[in-house]
Amino acid sequence: MRDFKCIVVTGGAGFIGANFIRYLLDDAGFSGVVVNFDALTYAGNPGSLADVASRFPGRYFFEKGDIRDPAAIGRVLDKYSADAICHFAAESHVDRSIAAPDDFVQTNIVGTFNLLEETRKRADRISLLHHVSTDEVFGSLGDDGFFSESTPYSPHSPYSASKAASDHLVKAYHDTYGVPVTITNCSNNYGPYQFPEKLIPLMIMNALEGKQLPVYGDGKNVRDWLYVVDHCSAIWRVMRAGKSGRTYCVGGRCELSNVEVVHRICSMMDKLAPPLPGGRPRNSLITFVKDRPGHDRRYAIDCSRIENELGWRRTETADTGFEKTLRWYLKNTEWVDSVRTGEYKNWIEKNYVDR
Ligand code: NAD
Ligand code: DAU
(Lines give C-alpha, C1' and ligand atoms only; values in the text may rest on other atoms or scores of the structure.)
(Ligands and ions follow the chains in the order given, each with its own letter.)
Protein backbone atom coordinates (compact mmCIF):
# COMPACT_ATOMS: atom_id res chain seq x y z
CA MET A 1 0.00 0.00 0.00
CA ARG A 2 1.27 3.47 -0.85
CA ASP A 3 1.17 6.06 1.88
CA PHE A 4 1.34 9.81 1.27
CA LYS A 5 2.20 12.78 3.45
CA CYS A 6 0.97 15.58 1.20
CA ILE A 7 -1.35 15.26 -1.79
CA VAL A 8 -1.79 18.15 -4.22
CA VAL A 9 -5.30 17.90 -5.67
CA THR A 10 -5.65 19.84 -8.93
CA GLY A 11 -9.18 21.07 -9.66
CA GLY A 12 -10.22 20.54 -6.04
CA ALA A 13 -12.82 23.33 -6.21
CA GLY A 14 -14.75 21.51 -8.94
CA PHE A 15 -17.47 18.91 -8.55
CA ILE A 16 -15.51 15.66 -8.14
CA GLY A 17 -12.38 17.31 -6.72
CA ALA A 18 -14.34 18.91 -3.86
CA ASN A 19 -16.05 15.60 -3.08
CA PHE A 20 -12.66 13.87 -3.18
CA ILE A 21 -11.10 16.33 -0.72
CA ARG A 22 -14.02 15.81 1.65
CA TYR A 23 -13.70 12.06 1.24
CA LEU A 24 -9.94 12.16 1.93
CA LEU A 25 -10.26 14.27 5.07
CA ASP A 26 -13.50 12.85 6.49
CA ASP A 27 -13.72 9.22 5.41
CA ALA A 28 -10.58 7.76 3.86
CA GLY A 29 -8.46 7.51 6.99
CA PHE A 30 -5.83 9.75 5.35
CA SER A 31 -3.83 11.62 8.01
CA GLY A 32 -1.65 13.88 5.86
CA VAL A 33 -2.01 17.28 4.22
CA VAL A 34 -4.24 18.17 1.24
CA VAL A 35 -3.45 21.13 -1.01
CA ASN A 36 -6.19 22.23 -3.38
CA PHE A 37 -4.59 23.76 -6.50
CA ASP A 38 -7.31 25.34 -8.62
CA ALA A 39 -7.56 28.22 -11.09
CA LEU A 40 -11.19 28.93 -10.08
CA THR A 41 -12.65 28.98 -13.56
CA TYR A 42 -16.43 29.28 -13.93
CA ALA A 43 -16.62 25.66 -12.66
CA GLY A 44 -14.50 26.19 -9.55
CA ASN A 45 -16.50 27.02 -6.46
CA PRO A 46 -14.63 27.44 -3.16
CA GLY A 47 -18.05 27.52 -1.47
CA SER A 48 -18.14 23.75 -2.01
CA LEU A 49 -15.38 23.46 0.62
CA ALA A 50 -16.37 26.44 2.79
CA ASP A 51 -16.33 24.46 6.05
CA VAL A 52 -13.26 22.34 5.28
CA ALA A 53 -10.55 24.94 5.92
CA SER A 54 -11.91 25.64 9.41
CA ARG A 55 -12.51 21.99 10.24
CA PHE A 56 -8.99 20.94 9.17
CA PRO A 57 -6.55 23.73 10.14
CA GLY A 58 -3.00 22.74 9.22
CA ARG A 59 -4.21 19.89 7.03
CA TYR A 60 -6.14 21.66 4.24
CA PHE A 61 -4.73 24.51 2.14
CA PHE A 62 -6.06 26.32 -0.92
CA GLU A 63 -3.68 27.65 -3.59
CA LYS A 64 -5.14 29.56 -6.50
CA GLY A 65 -3.13 28.54 -9.55
CA ASP A 66 -3.32 27.41 -13.13
CA ILE A 67 -1.94 24.14 -14.52
CA ARG A 68 -1.18 26.04 -17.72
CA ASP A 69 1.57 27.75 -15.71
CA PRO A 70 4.41 25.28 -14.99
CA ALA A 71 6.20 27.64 -12.57
CA ALA A 72 3.06 27.91 -10.43
CA ILE A 73 2.77 24.11 -10.27
CA GLY A 74 6.44 23.77 -9.28
CA ARG A 75 6.12 26.43 -6.57
CA VAL A 76 3.21 24.68 -4.90
CA LEU A 77 4.75 21.20 -5.13
CA ASP A 78 7.88 22.53 -3.40
CA LYS A 79 6.18 24.83 -0.88
CA TYR A 80 4.34 21.85 0.63
CA SER A 81 6.92 19.12 -0.19
CA ALA A 82 4.15 17.25 -1.96
CA ASP A 83 4.74 13.54 -2.50
CA ALA A 84 1.58 12.84 -4.58
CA ILE A 85 -0.74 14.52 -7.05
CA CYS A 86 -4.34 13.68 -7.81
CA HIS A 87 -5.16 15.42 -11.07
CA PHE A 88 -8.80 16.46 -11.64
CA ALA A 89 -8.30 19.94 -13.14
CA ALA A 90 -9.88 20.10 -16.57
CA GLU A 91 -12.41 21.75 -18.78
CA SER A 92 -15.06 19.08 -18.35
CA HIS A 93 -18.19 19.97 -20.31
CA VAL A 94 -18.74 18.43 -23.76
CA ASP A 95 -21.14 21.16 -24.97
CA ARG A 96 -18.63 23.89 -24.10
CA SER A 97 -15.89 21.99 -25.94
CA ILE A 98 -18.04 22.03 -29.08
CA ALA A 99 -18.63 25.77 -28.77
CA ALA A 100 -15.05 26.75 -27.81
CA PRO A 101 -12.39 24.02 -27.89
CA ASP A 102 -9.28 26.17 -27.21
CA ASP A 103 -9.34 26.02 -23.41
CA PHE A 104 -9.81 22.26 -23.60
CA VAL A 105 -6.58 21.87 -25.53
CA GLN A 106 -4.67 24.27 -23.28
CA THR A 107 -5.88 23.00 -19.90
CA ASN A 108 -6.51 19.32 -20.57
CA ILE A 109 -3.51 18.60 -22.80
CA VAL A 110 -0.89 21.28 -22.12
CA GLY A 111 -1.84 21.50 -18.43
CA THR A 112 -1.43 17.74 -17.99
CA PHE A 113 1.90 17.90 -19.84
CA ASN A 114 3.07 20.63 -17.42
CA LEU A 115 2.13 18.51 -14.42
CA LEU A 116 4.00 15.52 -15.84
CA GLU A 117 7.11 17.63 -16.44
CA GLU A 118 7.01 19.14 -12.94
CA THR A 119 6.52 15.64 -11.50
CA ARG A 120 9.42 14.26 -13.53
CA LYS A 121 11.71 16.98 -12.15
CA ARG A 122 10.85 15.85 -8.62
CA ALA A 123 11.32 12.10 -9.14
CA ASP A 124 13.12 11.75 -5.82
CA ARG A 125 10.08 12.94 -3.87
CA ILE A 126 6.84 12.40 -5.79
CA SER A 127 5.71 8.80 -5.56
CA LEU A 128 2.50 9.06 -7.63
CA LEU A 129 0.60 11.19 -10.11
CA HIS A 130 -2.96 9.90 -10.38
CA HIS A 131 -4.73 11.07 -13.55
CA VAL A 132 -8.54 11.26 -13.43
CA SER A 133 -9.98 10.51 -16.86
CA THR A 134 -13.19 9.58 -18.55
CA ASP A 135 -14.91 6.73 -20.39
CA GLU A 136 -15.58 9.21 -23.25
CA VAL A 137 -12.09 8.51 -24.63
CA PHE A 138 -13.43 5.15 -25.87
CA GLY A 139 -16.08 6.68 -28.13
CA SER A 140 -19.53 5.18 -28.46
CA LEU A 141 -20.97 1.67 -28.01
CA GLY A 142 -23.74 0.03 -29.99
CA ASP A 143 -26.57 -1.82 -28.25
CA ASP A 144 -24.20 -4.43 -26.76
CA GLY A 145 -20.81 -4.65 -25.11
CA PHE A 146 -18.84 -2.68 -22.56
CA PHE A 147 -15.78 -0.45 -22.40
CA SER A 148 -12.82 -2.00 -20.61
CA GLU A 149 -9.14 -1.19 -20.18
CA SER A 150 -8.35 -2.86 -23.54
CA THR A 151 -10.92 -0.92 -25.60
CA PRO A 152 -9.19 1.14 -28.33
CA TYR A 153 -9.47 4.92 -28.01
CA SER A 154 -11.95 6.61 -30.37
CA PRO A 155 -12.91 10.04 -28.99
CA HIS A 156 -15.55 12.11 -30.81
CA SER A 157 -15.78 15.50 -29.11
CA PRO A 158 -13.03 18.08 -28.57
CA TYR A 159 -13.43 17.33 -24.83
CA SER A 160 -12.93 13.59 -25.17
CA ALA A 161 -10.12 14.06 -27.70
CA SER A 162 -8.31 16.34 -25.25
CA LYS A 163 -8.75 13.81 -22.43
CA ALA A 164 -7.52 11.01 -24.72
CA ALA A 165 -4.42 13.06 -25.55
CA SER A 166 -3.77 13.65 -21.85
CA ASP A 167 -4.13 9.91 -21.09
CA HIS A 168 -1.58 9.11 -23.82
CA LEU A 169 0.87 11.64 -22.39
CA VAL A 170 0.49 10.18 -18.90
CA LYS A 171 1.14 6.65 -20.19
CA ALA A 172 4.07 7.85 -22.30
CA TYR A 173 5.71 9.57 -19.30
CA HIS A 174 5.44 6.32 -17.37
CA ASP A 175 6.85 4.19 -20.18
CA THR A 176 9.56 6.64 -21.28
CA TYR A 177 10.73 8.32 -18.08
CA GLY A 178 9.44 5.96 -15.40
CA VAL A 179 7.15 8.60 -13.87
CA PRO A 180 4.92 6.73 -11.37
CA VAL A 181 1.33 7.12 -12.59
CA THR A 182 -2.09 5.55 -12.32
CA ILE A 183 -5.16 6.37 -14.43
CA THR A 184 -8.88 5.92 -13.90
CA ASN A 185 -11.41 6.14 -16.76
CA CYS A 186 -14.78 6.71 -15.17
CA SER A 187 -18.38 6.96 -16.35
CA ASN A 188 -20.87 9.77 -15.61
CA ASN A 189 -20.85 11.02 -12.04
CA TYR A 190 -23.67 12.72 -10.14
CA GLY A 191 -24.10 13.91 -6.57
CA PRO A 192 -23.62 16.97 -4.34
CA TYR A 193 -21.81 20.11 -5.56
CA GLN A 194 -22.23 19.43 -9.32
CA PHE A 195 -22.43 22.52 -11.50
CA PRO A 196 -25.87 22.83 -13.19
CA GLU A 197 -24.58 22.67 -16.74
CA LYS A 198 -24.58 18.84 -16.42
CA LEU A 199 -27.72 16.75 -16.96
CA ILE A 200 -28.76 15.78 -13.42
CA PRO A 201 -28.23 19.08 -11.52
CA LEU A 202 -29.67 21.03 -14.47
CA MET A 203 -32.82 18.91 -14.39
CA ILE A 204 -33.12 19.21 -10.60
CA MET A 205 -32.73 22.99 -10.62
CA ASN A 206 -35.05 23.55 -13.58
CA ALA A 207 -37.67 21.16 -12.20
CA LEU A 208 -37.61 22.99 -8.87
CA GLU A 209 -38.46 26.24 -10.62
CA GLY A 210 -40.95 24.75 -13.07
CA LYS A 211 -38.68 25.50 -16.07
CA GLN A 212 -38.38 23.36 -19.21
CA LEU A 213 -36.29 20.19 -19.01
CA PRO A 214 -34.31 20.09 -22.29
CA VAL A 215 -33.57 16.54 -23.46
CA TYR A 216 -31.24 16.27 -26.46
CA GLY A 217 -32.41 14.36 -29.57
CA ASP A 218 -34.66 11.39 -28.86
CA GLY A 219 -33.40 11.09 -25.26
CA LYS A 220 -32.37 7.47 -25.80
CA ASN A 221 -28.61 8.01 -25.40
CA VAL A 222 -27.42 5.79 -22.57
CA ARG A 223 -24.95 6.69 -19.82
CA ASP A 224 -23.58 4.57 -16.94
CA TRP A 225 -24.27 6.57 -13.76
CA LEU A 226 -22.06 6.52 -10.67
CA TYR A 227 -22.55 8.35 -7.37
CA VAL A 228 -19.60 10.72 -6.97
CA VAL A 229 -18.45 9.38 -3.59
CA ASP A 230 -18.15 5.91 -5.13
CA HIS A 231 -15.84 7.45 -7.75
CA CYS A 232 -13.80 9.05 -4.95
CA SER A 233 -13.39 5.71 -3.15
CA ALA A 234 -12.28 4.11 -6.43
CA ILE A 235 -9.64 6.80 -7.01
CA TRP A 236 -8.35 6.45 -3.47
CA ARG A 237 -8.19 2.65 -3.81
CA VAL A 238 -6.16 3.02 -7.02
CA MET A 239 -3.86 5.65 -5.51
CA ARG A 240 -3.14 3.37 -2.56
CA ALA A 241 -2.90 0.00 -4.26
CA GLY A 242 -3.08 0.36 -8.05
CA LYS A 243 -0.14 -0.81 -10.12
CA SER A 244 2.02 1.99 -11.53
CA GLY A 245 1.42 2.54 -15.24
CA ARG A 246 -1.94 0.78 -15.07
CA THR A 247 -5.41 1.97 -16.08
CA TYR A 248 -8.60 1.13 -14.17
CA CYS A 249 -12.10 1.56 -15.61
CA VAL A 250 -14.70 2.71 -13.07
CA GLY A 251 -18.47 2.58 -13.55
CA GLY A 252 -21.74 2.15 -11.75
CA ARG A 253 -23.13 -0.91 -13.58
CA CYS A 254 -26.10 1.43 -13.95
CA GLU A 255 -27.12 2.05 -17.55
CA LEU A 256 -30.02 4.45 -18.05
CA SER A 257 -31.24 6.44 -21.04
CA ASN A 258 -31.30 10.20 -20.54
CA VAL A 259 -35.07 10.39 -20.73
CA GLU A 260 -35.34 7.65 -18.10
CA VAL A 261 -33.01 9.61 -15.80
CA VAL A 262 -35.15 12.71 -16.22
CA HIS A 263 -38.40 10.81 -15.59
CA ARG A 264 -36.96 9.30 -12.40
CA ILE A 265 -35.85 12.71 -11.14
CA CYS A 266 -39.26 14.20 -11.94
CA SER A 267 -41.19 11.56 -10.06
CA MET A 268 -38.83 11.71 -7.05
CA MET A 269 -39.22 15.50 -7.04
CA ASP A 270 -43.00 15.28 -7.19
CA LYS A 271 -42.78 13.29 -3.94
CA LEU A 272 -40.00 15.21 -2.14
CA ALA A 273 -40.14 18.83 -3.37
CA PRO A 274 -42.90 21.44 -3.03
CA PRO A 275 -45.55 20.90 -5.75
CA LEU A 276 -45.64 22.97 -8.93
CA PRO A 277 -48.57 25.38 -9.35
CA GLY A 278 -51.77 23.44 -9.95
CA GLY A 279 -50.01 20.20 -8.92
CA ARG A 280 -48.67 19.83 -12.46
CA PRO A 281 -46.43 16.70 -12.70
CA ARG A 282 -42.83 17.63 -13.39
CA ASN A 283 -42.40 15.24 -16.31
CA SER A 284 -44.75 17.54 -18.24
CA LEU A 285 -41.78 19.96 -18.35
CA ILE A 286 -39.71 17.57 -20.51
CA THR A 287 -38.93 19.18 -23.87
CA PHE A 288 -37.06 17.39 -26.65
CA VAL A 289 -34.53 19.80 -28.20
CA LYS A 290 -31.94 19.75 -31.00
CA ASP A 291 -29.33 17.02 -30.51
CA ARG A 292 -25.70 17.59 -29.47
CA PRO A 293 -23.41 17.28 -32.56
CA GLY A 294 -21.47 13.99 -32.55
CA HIS A 295 -23.55 12.81 -29.58
CA ASP A 296 -22.23 9.42 -28.38
CA ARG A 297 -25.06 6.91 -28.23
CA ARG A 298 -24.15 4.59 -25.39
CA TYR A 299 -21.50 4.30 -22.66
CA ALA A 300 -21.20 1.29 -20.34
CA ILE A 301 -18.25 0.20 -18.26
CA ASP A 302 -16.94 -3.23 -17.39
CA CYS A 303 -15.28 -2.48 -14.06
CA SER A 304 -14.16 -6.06 -13.27
CA ARG A 305 -10.47 -5.10 -13.04
CA ILE A 306 -10.84 -2.64 -10.18
CA GLU A 307 -13.36 -4.96 -8.52
CA ASN A 308 -11.24 -8.11 -8.84
CA GLU A 309 -7.74 -6.68 -8.38
CA LEU A 310 -8.44 -3.99 -5.79
CA GLY A 311 -11.71 -5.14 -4.19
CA TRP A 312 -13.56 -1.89 -4.99
CA ARG A 313 -17.38 -1.92 -5.10
CA ARG A 314 -19.83 0.90 -5.61
CA THR A 315 -22.16 1.43 -2.66
CA GLU A 316 -25.02 3.42 -4.21
CA THR A 317 -27.57 2.32 -6.82
CA ALA A 318 -29.51 4.79 -8.99
CA ASP A 319 -32.44 4.63 -6.55
CA THR A 320 -30.37 5.42 -3.45
CA GLY A 321 -27.90 7.78 -5.16
CA PHE A 322 -30.53 9.85 -6.99
CA GLU A 323 -32.54 10.24 -3.81
CA LYS A 324 -29.46 11.28 -1.78
CA THR A 325 -28.57 13.78 -4.49
CA LEU A 326 -32.02 15.24 -4.73
CA ARG A 327 -32.32 15.58 -0.95
CA TRP A 328 -28.90 17.31 -0.93
CA TYR A 329 -30.01 19.91 -3.53
CA LEU A 330 -33.27 20.50 -1.65
CA LYS A 331 -31.46 20.97 1.66
CA ASN A 332 -28.43 23.03 0.55
CA THR A 333 -30.35 26.03 -0.67
CA GLU A 334 -27.50 28.44 0.08
CA TRP A 335 -25.10 26.61 -2.27
CA VAL A 336 -27.83 26.19 -4.92
CA ASP A 337 -28.82 29.88 -4.79
CA SER A 338 -25.21 31.09 -4.91
CA VAL A 339 -24.59 28.98 -8.01
CA ARG A 340 -27.87 29.97 -9.62
CA THR A 341 -27.28 33.68 -9.09
CA GLY A 342 -23.53 33.58 -9.77
CA GLU A 343 -23.02 34.94 -6.24
CA TYR A 344 -20.07 32.59 -5.62
CA LYS A 345 -18.14 34.44 -8.31
CA ASN A 346 -18.43 37.64 -6.24
CA TRP A 347 -17.02 35.70 -3.32
CA ILE A 348 -14.04 34.66 -5.46
CA GLU A 349 -13.46 38.27 -6.51
CA LYS A 350 -13.43 39.37 -2.87
CA ASN A 351 -11.24 36.55 -1.56
CA TYR A 352 -8.81 35.62 -4.29
CA VAL A 353 -8.42 38.47 -6.70
CA ASP A 354 -5.14 39.77 -5.29
CA ARG A 355 -3.44 36.50 -4.42
P1 NAD B 1 -15.54 20.46 -13.00
O2 NAD B 1 -15.67 21.18 -14.29
O3 NAD B 1 -16.66 20.47 -12.04
O4 NAD B 1 -14.25 21.02 -12.21
C5 NAD B 1 -13.05 21.31 -12.84
C6 NAD B 1 -12.17 22.07 -11.86
O7 NAD B 1 -10.90 22.30 -12.50
C8 NAD B 1 -12.74 23.44 -11.48
O9 NAD B 1 -12.61 23.65 -10.09
C10 NAD B 1 -11.87 24.43 -12.26
O11 NAD B 1 -11.73 25.68 -11.62
C12 NAD B 1 -10.54 23.68 -12.31
N13 NAD B 1 -9.71 24.08 -13.46
C14 NAD B 1 -10.10 24.21 -14.76
N15 NAD B 1 -9.07 24.62 -15.52
C16 NAD B 1 -8.00 24.74 -14.68
C17 NAD B 1 -6.65 25.12 -14.86
N18 NAD B 1 -6.19 25.49 -16.08
N19 NAD B 1 -5.82 25.10 -13.80
C20 NAD B 1 -6.27 24.74 -12.57
N21 NAD B 1 -7.57 24.41 -12.33
C22 NAD B 1 -8.41 24.40 -13.37
O23 NAD B 1 -15.11 18.98 -13.40
P24 NAD B 1 -15.52 17.58 -12.73
O25 NAD B 1 -16.81 17.15 -13.28
O26 NAD B 1 -15.31 17.68 -11.27
O27 NAD B 1 -14.40 16.65 -13.38
C28 NAD B 1 -13.13 16.52 -12.76
C29 NAD B 1 -12.26 15.57 -13.56
O30 NAD B 1 -12.90 14.30 -13.67
C31 NAD B 1 -12.02 16.03 -15.00
O32 NAD B 1 -10.69 15.73 -15.34
C33 NAD B 1 -12.99 15.19 -15.83
O34 NAD B 1 -12.47 14.97 -17.12
C35 NAD B 1 -13.01 13.92 -15.02
N36 NAD B 1 -14.25 13.12 -15.11
C37 NAD B 1 -15.45 13.71 -14.87
C38 NAD B 1 -16.61 12.93 -14.88
C39 NAD B 1 -17.96 13.53 -14.60
O40 NAD B 1 -18.97 12.85 -14.74
N41 NAD B 1 -18.06 14.76 -14.16
C42 NAD B 1 -16.52 11.56 -15.17
C43 NAD B 1 -15.26 11.00 -15.44
C44 NAD B 1 -14.13 11.79 -15.38
O1 DAU C 1 -18.87 9.93 -19.24
C2 DAU C 1 -18.12 10.74 -18.39
C3 DAU C 1 -18.36 12.19 -18.75
O4 DAU C 1 -19.66 12.52 -18.26
C5 DAU C 1 -17.33 13.15 -18.18
O6 DAU C 1 -16.08 12.85 -18.74
C7 DAU C 1 -17.70 14.60 -18.48
O8 DAU C 1 -16.79 15.48 -17.84
C9 DAU C 1 -19.08 14.86 -17.92
O10 DAU C 1 -19.50 16.17 -18.28
C11 DAU C 1 -20.08 13.84 -18.50
O12 DAU C 1 -20.24 14.06 -19.92
P13 DAU C 1 -21.67 13.97 -20.60
O14 DAU C 1 -21.66 14.69 -21.88
O15 DAU C 1 -22.14 12.54 -20.65
O16 DAU C 1 -22.53 14.73 -19.48
P17 DAU C 1 -23.76 15.74 -19.57
O18 DAU C 1 -24.30 15.85 -18.20
O19 DAU C 1 -23.41 16.98 -20.31
O20 DAU C 1 -24.78 14.93 -20.45
C21 DAU C 1 -25.28 13.66 -20.08
C22 DAU C 1 -26.23 13.19 -21.16
O23 DAU C 1 -27.40 14.01 -21.11
C24 DAU C 1 -25.67 13.33 -22.55
O25 DAU C 1 -26.12 12.25 -23.34
C26 DAU C 1 -26.27 14.64 -23.06
C27 DAU C 1 -27.61 14.71 -22.36
N28 DAU C 1 -28.10 16.06 -22.00
C29 DAU C 1 -27.29 16.91 -21.33
C30 DAU C 1 -27.72 18.17 -20.96
C31 DAU C 1 -26.79 19.11 -20.22
C32 DAU C 1 -29.41 16.42 -22.31
O33 DAU C 1 -30.16 15.63 -22.92
N34 DAU C 1 -29.84 17.67 -21.95
C35 DAU C 1 -29.05 18.57 -21.30
O36 DAU C 1 -29.49 19.70 -21.01
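Structure above, values below:
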| quantity | calculated |
| --- | --- |
| In Å², nearest 10: area of LEU199 left accessible to a 1.4 Å probe | 40 |
| Accessible area of the range 53-123 divided out per residue, in Å², using a probe of 1.4 angstrom | 44 |
| Approximate spin-label separation ASP26-LYS345, in nm, with each point projected 7 Å along Cα-to-Cβ | 2.8 |
| Computed log₁₀ I(q)/I(0) - Debye formula, equal Cα scatterers, no solvent, the chain, q 0.12 Å⁻¹ | -0.87 |
| Residue among CYS249, PRO57, PRO180 farthest towards the positive dipole end of the chain, charges placed on Cβ | PRO57 |
| Amide H contacts under 5 Å for VAL33, placed H, 5+ residues apart | CYS6, ILE7 |
| Length gained when the stretch ALA100-THR287 is fully extended (0.36 nm per residue, less Cα-Cα span) | 64.8 nm |
| Separation between Cα centres of the range 209-281 and the range 16-70, rounded to whole Å | 24 |
| Antiparallel DSSP beta bridges within the chain, as percent of all bridges there, nearest 5 | 10 |
| HIS87, HIS156, reordered so the largest accessible area comes first (probe 1.4 Å) | HIS156, HIS87 |
| Where a label projected 7 Å from the Cα of TYR153 along Cα→Cβ would reach, residues of the range 200-224 with amide N under 17 Å | none |
| Lys/Arg +1, Asp/Glu -1 at C-beta; the range 1-147 dipole; positive extreme among TYR80, ASN45, SER92 | TYR80 |
| Vicinal HN-Hα couplings computed from phi for the range 96-113 (Karplus, 6.51 cos²θ - 1.76 cosθ + 1.60; Hz; Gly/Pro x) | 5, 5, 6, 6, 8, x, 3, 4, 5, 5, 5, 6, 6, 9, 5, x, 5, 4 |
| Rounded accessible area per residue of the range 128-287, 1.4 Å, Å² | 36 |
| With every protein chain in place, the range 59-141: carbon and sulfur % of accessible area (1.4 Å) | 50 |
| Contour excess over end-to-end distance, with Cα ends at LYS243 and ALA123 and 0.36 nm allotted per residue | 41.5 nm |
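The values are calculated or read from the model by the stated rules, or taken from the named source; none is laboratory data. In this text the structure is predicted, and so the values were computed from the model without any measurement. Positions of Cβ are backbone-derived with ideal geometry, glycine not excepted, and every protein chain shown enters the neighbour counts. Surface areas here come from the heavy atoms of the whole protein model, side chains and all, with no ligands, DNA or RNA. Shrake-Rupley method; radii C 1.70, N 1.55, O 1.52, S 1.80 Å.
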